[in-house]
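Participant: Below you'll find the structure I mean.
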Amino acid sequence: MFKKYNYLKFSISFLLIALFFLNTNAQKQRWDVPADKKAKNSYIKFDNASSKDGEAIYTKNCLSCHGNPGKGNSMKTLKPIPPDLYSSLTQELTDGELFYIISVGRLVMPAFKDILSEEDRWKLISYVRSGNKKYVQVLSKTDPNKSKLVKIKLDFDSLTNKIKVIANAAEKTGIIPLKDAEVSLFAKRYFGKLQIEKTIRTNSEGIVIFNFPKDLPGDKAGLVDLSVKINDEVYGEIEFQNKLKVGIPTDKPSLTEKRAIWNVLKKAPIWLIITYTSLVFLVGFVLLFIVKNLMKLRKLGNN
Ligand code: HEC
């Protein structure tokens, strides 16, 4: 009886383990793309011209692994095997997902965001879509060249401790406020950035107002490094940096001002410099001593 029970327990655990592995291996791991990236669309129209440009970029950068799309001749020795980009599984991905995958990569699949321009990456997708007759493009209204037209102004009201961000675009037709754009405000700290409040959308005049904390330490003069990030449907992503007197003046030396072991060579602690230099000399002397004695030995041998 006891034996039978043990046998049963063993079989059940074995089955559970087997099921676990079967389950994780059965479905190929798809891509986990953040929602806002998934919904991103191309500002470049997918037509014959862009697809042709894309094909040339593909031949240079992707063909060796993925093979000719539609031909199933990708590099089979790689693991995972690079998918045929005309395959239905790949075509199910949104343009934003494709853009994200090509930009960021995963393990064997390289990241191309520093290798190919945004324009080139969209042209690649134009080529990848050219093999899909059912595909209908949704064009983005964003034009990255337009981000250069945006001017951002920061105003601080010391009475209410509020920071006003004003975003305008200097179009040929005149100054146009950025309406309904997402604005995030950050203050630079020692390690990274601190977001002030939440991301807020601009009003019809292109203005948002943040309540700035009253107790944030600044430098000696109370200056704080601020950065503003704006995301607008038409003008795209814009970053703006400025120093404003919004913090509490603080005389604490910064982490990199004093001599410390984490600082650059010029600001290393004296004791470290002395110890290090003496060690270098010591080793040098020992080496010289050894060489000298070796020469002595050779002389003796010659005699
Ligand atoms: C070094 C080989 C290699 C190169 C070069 C390469 N890829 Fe990949 N790619 C892979 C592999 C491997 C995968 C599968 C990765 C995974 O699933 O984790 C992949 C996955 C992808 C996917 C996701 C497809 C899907 O259905 O999951 C896309 C899209 C893609 N690559 C596009 C490109 C493009 C466009 C280029 C050229 C700019 C390129 N790749 C260059 C190896 C490569």
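Laboratory data are not the source of any read-out in this text; all were calculated from the coordinates shown. Given the structure is predicted, the values throughout are model-derived calculations rather than measurements. In this analysis, Cβ positions are derived from the backbone assuming ideal geometry, glycine residues included, and neighbour counts consider all displayed protein chains.
Participant: Give me the number: length gained by fully extending LYS134 to LYS179, i.e. 0.36 nm times residue separation minus the C-alpha to C-alpha distance, one decimal in nm.
Facilitator: 12.7 nm
Participant: Which of GLY247, LEU124, ILE273 sits closest to the plus end of the dipole of the chain, meaning its Cα is farthest towards the positive end, when Lys and Arg get +1 and Asp and Glu get -1 on the C-beta?
Facilitator: Highest projection toward the positive end goes to ILE273.
Participant: GNM on the chain, C-alpha springs below 10 Å: top fluctuator among ILE81, ILE196, ILE290?
Facilitator: In this elastic network of the chain, the residue with the biggest mean-square fluctuation among ILE81, ILE196, ILE290 is ILE290.
Participant: When the Karplus curve 6.51 cos²θ - 1.76 cosθ + 1.60 is applied with θ = phi - 60°, which whole-Hz ³J(HN,Hα) does each residue of segment 189-201 get, with x for Gly and Pro?
Facilitator: Working through the residues one at a time gives 10, 3, 10, x, 10, 10, 6, 8, 6, 10, 6, 10, 9 Hz.
Participant: Can you compute the charge dipole magnitude of the chain about its Cα centre, using +1 on each Lys and Arg Cβ and -1 on each Asp and Glu Cβ, nothing else charged? Give it in debye, rounded to the nearest 20.
Facilitator: 1580 debye
Participant: Still on this structure: What is the extension gain from SER278 to ARG30, computed as 0.36 nm multiplied by their sequence separation minus the C-alpha to C-alpha distance, in nm to one decimal?
Facilitator: Residue separation times 0.36 nm, minus the Cα-Cα distance, leaves 83.6 nm.
Participant: Now, a different point. If each residue of separation counts as 0.36 nm, what is the full-extension length gain between MET75 and GLU239 once their alpha-carbon separation is subtracted?
Facilitator: Extra length from MET75 to GLU239 when fully extended: 55.0 nm.
Participant: Among LEU89, LEU223, LEU149, which one shows the biggest mean-square fluctuation in a GNM of the chain, springs joining Cα atoms closer than 10 Å?
Facilitator: LEU89
Participant: Do any of LYS151/LYS267; LYS141/LYS172; LYS198/LYS266; LYS151/LYS193; LYS45/LYS148 go past 29 Å between their Cα atoms, and which?
Facilitator: Violating the 29 Å Cα-Cα cut-off are LYS151/LYS267; LYS198/LYS266.
Participant: Taking 45 Å as R0, compute the FRET efficiency from the Cβ-Cβ separation of ASP114 and ARG298 and round it to 0.05.
Facilitator: For ASP114 and ARG298, the calculated efficiency is 0.20.
Participant: Could I ask something else about it? Kindly flag which residue pairs out of LYS188/LYS245; LYS164/LYS252; LYS60/LYS113 have an alpha-carbon separation exceeding 18 Å in this structure.
Facilitator: Exceeds cut-off: LYS164/LYS252.
Participant: If you don't mind, there's one more thing I want to ask. With viscosity set to 0.692 mPa s at 37 °C, what whole-number translational diffusion coefficient in µm²/s follows for segment 144-245 from Stokes-Einstein and a Kirkwood radius over Cα pairs?
Facilitator: Answer from the Stokes-Einstein relation: 234 µm²/s.
Participant: Size of the dipole of segment 152-257 about the Cα centre, Lys and Arg at +1 and Asp and Glu at -1 on the beta carbon, nothing else charged, in debye to 20?
Facilitator: Computed about the Cα centre, the dipole is about 260 debye.
Participant: What shape does the chain take by its C-alpha gyration tensor, where a ≥ b ≥ c are the square roots of the eigenvalues and a/c under 1.5 counts as rounded, a/b above b/c as prolate, and the rest as oblate?
Facilitator: It is oblate, given that a/c is not under 1.5 and a/b is not larger than b/c.
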